[in-house]
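Visitor: Got a structure here, written out as structure tokens. Questions coming.
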There are 2 protein chains.
Amino acid sequence: MQIWKEYQERNKDRFLNEMLDLLRIPSVSAKSEHKTDMIDCAKAVERSLLEAGCDKAMVMDTDGYPVVYGEKIIDPAKPTVLVYGHYDVQPAEPLELWHSGPFDPVIKDGKIFARGSADDKGQFYMHVKALEVLVKTDSLATNIKFLIEGEEEIGSPNLGKFVAANKELLKADVILISDSSMLSMENPSLDTGVRGLSYIQIEVTGANRDLHSGTYGGAVANPITILAKMIAGCHDENNHITIPGFYDDVYESTGEERELLNKAPYNEQEYKDELGVRELWGEKGYTTYERTGIRPTLEVNGIWGGYTGEGAKTVLPSKAFAKISARLVPNQSSDKITEKLLAYFRSVAPPSVEVKAELHHGGEPYMTPIASNGYKAASKAVETTFGKAPIPVRGGGSIPICSILEKELGIKIVFMGFGLDNDNLHSPNEKYDIYNYNKGIETIPYFHKYFAELSNE
Amino acid sequence: MQIWKEYQERNKDRFLNEMLDLLRIPSVSAKSEHKTDMIDCAKAVERSLLEAGCDKAMVMDTDGYPVVYGEKIIDPAKPTVLVYGHYDVQPAEPLELWHSGPFDPVIKDGKIFARGSADDKGQFYMHVKALEVLVKTDSLATNIKFLIEGEEEIGSPNLGKFVAANKELLKADVILISDSSMLSMENPSLDTGVRGLSYIQIEVTGANRDLHSGTYGGAVANPITILAKMIAGCHDENNHITIPGFYDDVYESTGEERELLNKAPYNEQEYKDELGVRELWGEKGYTTYERTGIRPTLEVNGIWGGYTGEGAKTVLPSKAFAKISARLVPNQSSDKITEKLLAYFRSVAPPSVEVKAELHHGGEPYMTPIASNGYKAASKAVETTFGKAPIPVRGGGSIPICSILEKELGIKIVFMGFGLDNDNLHSPNEKYDIYNYNKGIETIPYFHKYFAELSNE
């Protein structure tokens with residue numbers, strides 16, 4: 001549509017600058033020191049929704065950080081699209097590895113470097129600007145609702161309750177989420193599912209205080225050594241996960257499904273070069289896309305214990321800790337896997353230490369049907385603006401809220417992400433390409449157009 | 001000697017307060033931010049030596065932190081005792097576990113709580129005050145030299161060179177060190193040796209940046225998992241160390257030696273209760289005293305990698321680190337063991353990661369002959385003030401400088417420590433009992449008296 005393109009072109013600098021302003025707010029949900037920033041960010045999102053053309057927008061309380069809701073209802077009889085996104089971001093640490101401030105966006109080589117640029121501020125904001133395009137060109141064919149939460153990066157502990165309590169307000173025909181990536185701009189793709197998550201923390205305690213490693217070493221258990229043994233035992237020599245029962249409910253993809261998945265363009269040497277590794281690592285018998293898509297995984301996200309400062313300290317520490325998470329695939333259950341993980345870590349501990357294993361958060365895996373109107377509308381929209389039909393792929397990440405949203409609202413989710421795998425999500429120097437940002441704003445209006453058309457068929 | 005006792009009694013409050021002043025200087029050699037404190041501390045030690053009665057004292061440069069030298073020469077023909085100590089202390093972290101400031105000494109239940117109270121400021125300062133007692137009562141029977149260094153806690157990297165360059169200045173008949181502990185005040189003991197040390201740091205690198213654990217997890221090696229496997233492989237199921245060749249040169253104690261060692265009072269239930277553990281841990285086939293005395297050990301002193309902050313972050317980290325040290329027994333060589341450790345960590349790494357393994361510092365094990373005049377003088381001194389002959393035991397800690405001092409100066413070392421195993425050396429809430437401090441000042445003059453007598457025989 002020429003009028004959309006023209007409006008976007010005329011306003012693209014402002015569209016960019018508004019997004020940069022949002023990136024400047026350090027809305028880190030995991031760290032309590034950012035409480036005020038979180039509220040400021042929610043208010044900024046509310047304002048942006050009103051300015052873009054929402055009839056109504058509001059910051060709504062939860063037991064944790066607030067949800068921002070907004071709506072533009074053109075006709076209750078028309079189909080309604082619920083846009084989900086999140087205004088919170090991952091912690092920026094380790095800060096010393098950033099080339100510029102994580103909350104001080106810098107543009108370099110056409111890329112916006114800042115925490116949250118791709119995950120998810122830059123992506124959900126495309127929907128805010130797409131709404132503006134549609135409203136200002138008077139061409140909106142659907143009702144639009146926005147549900148922008150502030151606790152996605154900590155596992156959305158309060159969203160289930162919020163959605164259950166606001167079913168009428170959130171009533172819609174499809175949920176549209178831009179919080180994922182494409183294979184590349186040349187090979188556009190759409191995720192047909194996300195993995196689930198079980199995230200736990202382990203605390204191993206030996207003696208009741210740090211000890212001198214000369215006086216007590218060799219006679220008292222070292223919690224780091226014990227924790228290392230526990231972690232080492234999680235994968236066998238083929239990198240299969242050894243937690244008892246871990247694979248029990250895994251949906252085994254058919255040969256056909258695996259074949260389709262492996263048709264996606266992939267160059268192992270380029271993949272390795274881009275990551276700077278000599279060899280890849282993974283579960284024997286599966287390809288890289290299978291390992292990150294259809295297979296569950298177990299990763300240690302963090303470990304610490306003893307002296308970690310400059311120089312040397314001959315301490316035999318009292319405690320060691322690890323953060324460990326599993327990515328789950330259909331039909332695994334987050335609760336069940338969490339139980340198995342906790343049981344494993346509690347059971348393998350020798351009597352010379354005490355182990356505390358606790359759930360951080362979890363989320364269920366999710367699959368979206370490619371036969372649905374929502375997926376079809378997204379596929380057609382991408383084909384229109386990219387000139388190429390998107391490849392359906394299985395995303396490796398997790399959006400724990402998916403299964404909750406579907407359960408509470410009874411509608412399907414469509415993933416239409418415009419990020420790239422090398423966006424450094426959750427890492428230093430997170431970035432989002434300006435090209436992708438603009439491409440998203442260009443594509444989203446077509447989704448609404450096609451979804452309205454398909455719904456009327 | 002009644003005059004010593006009287007002088008000490010009259011001055012004991014000042015003796016204590018002077019030591020507390022020294023504890024207030026945060027002389028942490030491992031952390032470069034304490035550079036100025038280190039120099040301040042060296043100057044304070046120099047001043048205290050002059051005030052106690054040294055004819056001469058000076059702060060002497062090295063390539064690292066300075067050495068403080070002092071001397072009181074009564075007669076070049078008389079035997080000379082060289083007192084070694086160190087004015088640097090271990091880092092105080094983790095700070096949150098201290099009940100009071102580590103550099104803000106607090107006295108509670110007759111104990112001085114502060115970093116360095118037992119290791120080693122409180123202990124070497126006993127010698128400074130013992131000198132004052134001897135000088136002021138005009139009863140010094142030996143010459144005394146002081147060699148107080150500032151880099152013991154980082155492995156004394158510059159002391160070897162310093163001693164080699166100052167052999168004439170440091171010329172003595174025996175070296176006396178108070179930097180160890182006794183079994184208890186009821187069961188006084190003297191260490192007849194210290195263990196050696198090999199301290200290394202490992203850095204494991206996977207991808208060239210932190211990654212999103214959902215996008216890449218399962219397809220790229222996790223350096224924490226790899227490091228955990230490497231550490232887990234260091235001990236077998238009997239807690240024997242598996243590093244190839246690790247035990248090759250270990251001096252195997254005779255049955256008689258082990259019997260003598262195991263005669264030292266030991267109550268396993270009390271030992272466990274004091275540490276708050278249900279079970280002990282250690283090399284199969286050896287008792288606790290054997291494990292900490294005559295057997296070499298391997299401990300992880302610190303580990304870190306990935307996200308270690310509050311909450312959850314689903315990162316697949318680029319790097320993981322560990323600080324690892326081995327305690328060595330006679331006839332192991334620190335250089336040889338360090339090579340074996342580095343080789344092990346380099347060789348077991350899979351090609352999916354890069355491993356950097358580097359030496360932090362090392363030191364040779366040391367044994368002191370109980371037939372020497374030095375040991376005999378110490379034993380007699382302890383017997384005089386404790387009313388009980390001390391038990392000779394093998395200390396678990398390391399004083400890397402021992403073998404260097406002996407090699408360069410050609411004289412033997414006597415360990416006469418007045419600490420206790422529960423002094424929390426290298427840990428939060430390090431303490432030193434005022435009783436022990438005073439007992440040390442009371443005992444040391446007898447060492448000089450008996451050493452002079454034995455030397456004249």
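The values are calculated or read from the model by the stated rules, or taken from the named source; none is laboratory data. Here the structure is a predicted model, which means the values were calculated and not measured. When we count neighbours, we look across all protein chains shown, and the Cβ atoms used for this are built from the backbone with ideal geometry, even at glycine.
Visitor: Given B:ASN208, B:ASN187, which one is within 7 Å of chain A (Cβ to nearest Cβ), of a type in the set (S, T, N, Q) and surrounded by fewer than 24 Cβ atoms within 10 Å (Cβ to Cβ)? Please lay out each step first, then the result.
Guide: On the way: B:ASN187 fails: within 7 Å of chain A (Cβ to nearest Cβ).
B:ASN208 is the lone residue from the list that is within 7 Å of chain A (Cβ to nearest Cβ), of a type in the set (S, T, N, Q) and surrounded by fewer than 24 Cβ atoms within 10 Å (Cβ to Cβ).
Visitor: Hey, another quick one. Please indicate, with yes or no, whether at least one residue in region B:360-369 is hydrophobic (A, V, I, L, M, F, W, C), outside any loop (DSSP other than H, G, I, E, B) and either within 26 Å of A:ALA228 (Cα to Cα) or in contact with a helix residue (DSSP H, G or I) (Cβ under 8 Å, 6 or more places away or on another chain) (or both).
Guide: Within region B:360-369, the subset hydrophobic (A, V, I, L, M, F, W, C) is B:367.
Narrowing the set further to residues that are outside any loop (DSSP other than H, G, I, E, B) leaves B:367.
Restricting the remaining residues to those that are either within 26 Å of A:ALA228 (Cα to Cα) or in contact with a helix residue (DSSP H, G or I) (Cβ under 8 Å, 6 or more places away or on another chain) (or both) gives none.
No, because not a single residue in region B:360-369 is hydrophobic (A, V, I, L, M, F, W, C), outside any loop (DSSP other than H, G, I, E, B) and either within 26 Å of A:ALA228 (Cα to Cα) or in contact with a helix residue (DSSP H, G or I) (Cβ under 8 Å, 6 or more places away or on another chain) (or both).
Visitor: Quick check on my filter: what residues within region B:319-332 are under 20 Å from A:ILE224 (Cα atoms) and surrounded by fewer than 24 Cβ atoms within 10 Å (Cβ to Cβ)?
Guide: Residues of region B:319-332 that are under 20 Å from A:ILE224 (Cα atoms), as a first pass: B:319-327.
Those that are under 20 Å from A:ILE224 (Cα atoms) and surrounded by fewer than 24 Cβ atoms within 10 Å (Cβ to Cβ): B:LYS319, B:PHE321.
Visitor: Which numbered condition in (1) under 29 Å from A:LYS161 (Cβ atoms); (2) among the small types (Gly, Ala, Ser); (3) away from chain B (no Cβ under 14 Å); (4) touching a strand residue (DSSP E or B) at 6+ places or on another chain (Cβ under 7 Å) is the only one that A:GLY396 fails?
Guide: Against the list (1) under 29 Å from A:LYS161 (Cβ atoms); (2) among the small types (Gly, Ala, Ser); (3) away from chain B (no Cβ under 14 Å); (4) touching a strand residue (DSSP E or B) at 6+ places or on another chain (Cβ under 7 Å), A:GLY396 comes up short only on (3).
Visitor: How many of the residues in region A:307-318 are more than 16 Å from B:GLU203 (Cα to Cα) and at the interface with another protein chain (Cβ under 7 Å from one of its Cβ atoms)? Before the answer, list the steps.
Guide: Taking region A:307-318 and keeping what is more than 16 Å from B:GLU203 (Cα to Cα), we get A:313-318.
So of that shortlist, the ones also at the interface with another protein chain (Cβ under 7 Å from one of its Cβ atoms) come out as A:313-316.
Looking only at that region, the number is 4.
Visitor: Here's a check for you: in region A:150-187, which residue that is in contact with a helix residue (DSSP H, G or I) (Cβ under 6 Å, 6 or more places away or on another chain) and among the β-branched types (Val, Ile, Thr) is nearest to A:HIS127 (Cα to Cα)?
Guide: Result: A:ILE175.
Visitor: Can you tell me which residues in region B:22-37 are at pLDDT 95 or above and surrounded by 14 or more Cβ atoms within 10 Å (Cβ to Cβ)?
Guide: B:LEU22, B:LEU23, B:ARG24, B:ILE25, B:PRO26, B:SER27, B:VAL28, B:SER29, B:HIS34, B:ASP37
Visitor: Of the numbered conditions (1) within 14 Å of chain B (Cβ to nearest Cβ); (2) farther than 19 Å from A:VAL194 by Cα; (3) part of a helix (DSSP H, G or I), A:TYR432 fails exactly one; give the number of that condition.
Guide: (3)
Visitor: State the number of residues belonging to region B:251-260 that are within 24 Å of B:SER334 (Cα to Cα) and in a helix (DSSP H, G or I).
Guide: Initially, region B:251-260 is screened for residues within 24 Å of B:SER334 (Cα to Cα), giving B:251-254, B:257-258.
Still in the list and also in a helix (DSSP H, G or I): B:257-258.
So the count comes out to 2.
Visitor: Let me ask something else. Has region B:416-424 got at least one residue that is in the same structural domain as B:PRO79 (by TED's automatic domain parsing) and more than 23 Å from B:LEU261 (Cα to Cα)?
Guide: Residues of region B:416-424 in the same structural domain as B:PRO79 (by TED's automatic domain parsing): B:416-424.
Among the residues that remain, those that are also more than 23 Å from B:LEU261 (Cα to Cα) are: B:424.
Yes, region B:416-424 has at least one match.
Visitor: Residue check, A:GLY306 against (1) in contact (Cβ under 8 Å) with a residue 12 or more places away in the chain; (2) on the phi < 0 side of the Ramachandran plot, all met but one. Which one?
Guide: (2) is the only condition that A:GLY306 fails.
Visitor: How about region A:437-457: which of its residues are crowded, with 24+ Cβ neighbours inside 10 Å and more than 24 Å from A:ALA172 (Cβ to Cβ)?
Guide: Across region A:437-457, the qualifying residue is only A:TYR437.
Visitor: Shifting gears a bit: Here are some conditions: (1) crowded, with 24+ Cβ neighbours inside 10 Å; (2) closer than 21 Å to A:GLY155 by Cα; (3) away from chain B (no Cβ under 14 Å). A:ALA377 meets all but one. Which one does it not meet?
Guide: (2)
Visitor: Would you confirm whether or not region A:252-265 contains a residue that is among the β-branched types (Val, Ile, Thr) and more than 9 Å from chain B (Cβ to nearest Cβ)?
Guide: So the first thing to find is which residues in region A:252-265 are among the β-branched types (Val, Ile, Thr), and the list is A:254.
Checking which are more than 9 Å from chain B (Cβ to nearest Cβ) leaves us with A:254.
Yes: region A:252-265 contains one or more residues that are among the β-branched types (Val, Ile, Thr) and more than 9 Å from chain B (Cβ to nearest Cβ).
Visitor: Going by what's in this entry, would B:LYS356 be described as closer than 25 Å to B:ALA264 by Cα and of a type in the set (D, E, K, R)?
Guide: Details: closer than 25 Å to B:ALA264 by Cα: no; of a type in the set (D, E, K, R): yes.
No; evaluated as a whole, the condition is false for this residue.
Visitor: Answer yes if at least one residue in region B:284-293 is among the aromatic types (Phe, Trp, Tyr) and in contact with a Lys or Arg (Cβ under 7 Å, 6 or more places away or on another chain), and no otherwise. Break it down into steps so the answer makes sense when it comes.
Guide: Start the filter on region B:284-293 by keeping residues that are among the aromatic types (Phe, Trp, Tyr), which leaves B:286, B:289.
Now drop any that are not in contact with a Lys or Arg (Cβ under 7 Å, 6 or more places away or on another chain), which leaves B:286.
Checked region B:284-293: at least one residue is among the aromatic types (Phe, Trp, Tyr) and in contact with a Lys or Arg (Cβ under 7 Å, 6 or more places away or on another chain).
Each row is one residue, and each column tells you yes or no for (1) within 14 Å of chain B (Cβ to nearest Cβ); (2) crowded, with 24+ Cβ neighbours inside 10 Å; (3) touching a Pro at 6+ places or on another chain (Cβ under 6 Å); (4) more than 20 Å from A:ALA44 (Cα to Cα).
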position	(1), (2), (3), (4)
A:VAL68	no, yes, no, no
A:ALA92	yes, no, yes, yes
A:PHE103	no, no, yes, no
A:LYS121	no, yes, no, no
A:ALA130	no, yes, yes, no
A:ILE148	no, yes, no, no
A:LEU169	no, no, no, yes
A:ASP173	no, no, yes, yes
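Visitor: Could I ask something else about it? Identify, from the list A:ASP40, A:ASP13, A:ASP55, the residue that is modelled with pLDDT of 95 or more, surrounded by fewer than 17 Cβ atoms within 10 Å (Cβ to Cβ) and closer than 30 Å to B:GLY311 by Cβ.
Guide: Details: A:ASP13 fails: closer than 30 Å to B:GLY311 by Cβ; A:ASP55 fails: closer than 30 Å to B:GLY311 by Cβ.
It is A:ASP40.
Visitor: If you don't mind, there's one more thing I want to ask. If you take the residues in region B:403-416 that are buried (at least 24 other Cβ atoms within 10 Å of the Cβ) and outside any strand (DSSP E or B), which one is farthest from the chain's Cα centre (by Cα)?
Guide: The selected residue is B:LEU405.
Visitor: Answer with yes or no whether B:TYR125 is modelled with pLDDT of 95 or more, assigned to a strand (DSSP E or B) and crowded, with 24+ Cβ neighbours inside 10 Å.
Guide: Values: modelled with pLDDT of 95 or more: yes; assigned to a strand (DSSP E or B): no; crowded, with 24+ Cβ neighbours inside 10 Å: yes.
Against the criterion (modelled with pLDDT of 95 or more, assigned to a strand (DSSP E or B) and crowded, with 24+ Cβ neighbours inside 10 Å), B:TYR125 does not qualify.
Visitor: I've got another one for you. Among B:GLY85, B:GLY70, which is the only one that is outside any loop (DSSP other than H, G, I, E, B) and under 15 Å from B:ASP120 (Cα atoms)? Explain how you work it out, then say what you get.
Guide: On the way: B:GLY70 fails: under 15 Å from B:ASP120 (Cα atoms).
Residue meeting the stated conditions: B:GLY85.
Yes or no, residue by residue, for (1) more than 24 Å from B:GLU310 (Cα to Cα); (2) at the interface with another protein chain (Cβ under 8 Å from one of its Cβ atoms); (3) touching an Asp or Glu at 6+ places or on another chain (Cβ under 7 Å); (4) not in a helix (DSSP H, G or I):
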position: A:ALA320; (1), (2), (3), (4): no, yes, no, yes
position: A:LYS323; (1), (2), (3), (4): no, yes, no, yes
position: A:ARG327; (1), (2), (3), (4): no, yes, no, yes
position: A:GLN332; (1), (2), (3), (4): yes, no, yes, yes
position: A:LEU341; (1), (2), (3), (4): no, no, no, no
position: A:ARG346; (1), (2), (3), (4): no, no, no, no
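Visitor: Looking at region A:15-57 only, could you name the residues that are within 14 Å of another protein chain (Cβ to nearest Cβ), basic (Lys, Arg) and outside any helix (DSSP H, G or I)?
Guide: Hit for region A:15-57 is A:LYS31, nothing else.
Visitor: Exactly one condition in (1) modelled with pLDDT of 95 or more; (2) surrounded by fewer than 16 Cβ atoms within 10 Å (Cβ to Cβ); (3) under 26 Å from the mean Cα position of the chain (by Cα) is not met by A:TYR251; state its number.
Guide: (1)
Visitor: From the list B:GLU96, B:GLU132, pick out the single residue that is in the same structural domain as B:GLU430 (by TED's automatic domain parsing), acidic (Asp, Glu), modelled with pLDDT of 95 or more and in a helix (DSSP H, G or I). Walk me through it before giving the result.
Guide: Working: B:GLU96 fails: modelled with pLDDT of 95 or more.
Result: B:GLU132 is the single residue among B:GLU96, B:GLU132 that is in the same structural domain as B:GLU430 (by TED's automatic domain parsing), acidic (Asp, Glu), modelled with pLDDT of 95 or more and in a helix (DSSP H, G or I).
Visitor: While we're looking at this one, here's another question. How many residues are within 18 Å of B:THR385 (Cα to Cα), assigned to a strand (DSSP E or B), at pLDDT below 95 and out of contact with any Phe, Trp or Tyr (no Cβ under 6 Å at 6 or more places or on another chain) if we restrict to region B:157-198?
Guide: Final tally of qualifying residues: 4.
Visitor: Filter region A:271-290 down to residues that are within 7 Å of chain B (Cβ to nearest Cβ) and either in a loop (DSSP other than H, G, I, E, B) or over 16 Å from B:PRO350 (Cβ atoms) (or both), then give me how many there are.
Guide: If we filter region A:271-290 for residues that are within 7 Å of chain B (Cβ to nearest Cβ), which is where we start, we get A:275-283, A:288.
From the residues that got through so far, the ones that are either in a loop (DSSP other than H, G, I, E, B) or over 16 Å from B:PRO350 (Cβ atoms) (or both) too are A:276-283, A:288.
Here the count works out to 9.
Visitor: In addition: Those residues that are among the small types (Gly, Ala, Ser) and either touching a strand residue (DSSP E or B) at 6+ places or on another chain (Cβ under 8 Å) or at negative phi (or both), I need them from region A:399-426; list them, please. Break it down into steps so the answer makes sense when it comes.
Guide: The first filter runs over region A:399-426 and keeps only residues among the small types (Gly, Ala, Ser), leaving A:403, A:410, A:417, A:419.
Correct list: A:SER403, A:GLY417, A:GLY419.
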